[in-house]
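The values are calculated or read from the model by the stated rules, or taken from the named source; none is laboratory data. Just so it is clear, the model here is predicted, and its values are computed rather than measured. All Cβ positions, glycine included, derive from the backbone under ideal geometry; neighbour counts span all protein chains shown.
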Amino acid sequence: MSEYIGRLLSDTDKLIAALEELERSHKHFSVIKYKLNKQAGKIADLVTSCRRSIAFMADDPALKPLSGELEKYGELLKSYHGNVKVTGGLCSSDKYRIKRAFLLKFVEELKAAKADLATVAAGVTGASE
């Protein structure tokens, strides 16, 4: 059970690092625009991986005490995709836009959600072992 939580927390750390790098590279812009590239793909893959981990853990009866935290975490991750606008034509020319203010707020909320989940998970996994 703790391996799934560990993977989610690890993927979240990678996601936070990737988002912070994206923000740093566009520090002087209120709207961050980026093309479909390695960075965009990595961020999308990490968000998807986190959401899949959450969906998998939500079905595990042993993790029932975490269901509230997992649901909040999943909704937060869903909000990222809801705030990314895609413009362009063919897939290779897609351009992504996200407001810098949202990105900064999202990263802070993600850090807080990760800390909350880690705290609750430590209690649950400690009690079950």
The range 14-55, residues that are touching a residue at least 60 places away in the same chain (Cβ under 8 Å) and closer than 28 Å to Leu70 by Cα: Leu15, Ile16, Leu19, Glu20, Leu22, Glu23
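Identify, from the list Leu22, Leu66, Leu36, the residue that is in contact with a Cys (Cβ under 8 Å, 6 or more places away or on another chain) and modelled with pLDDT under 90.
Leu36
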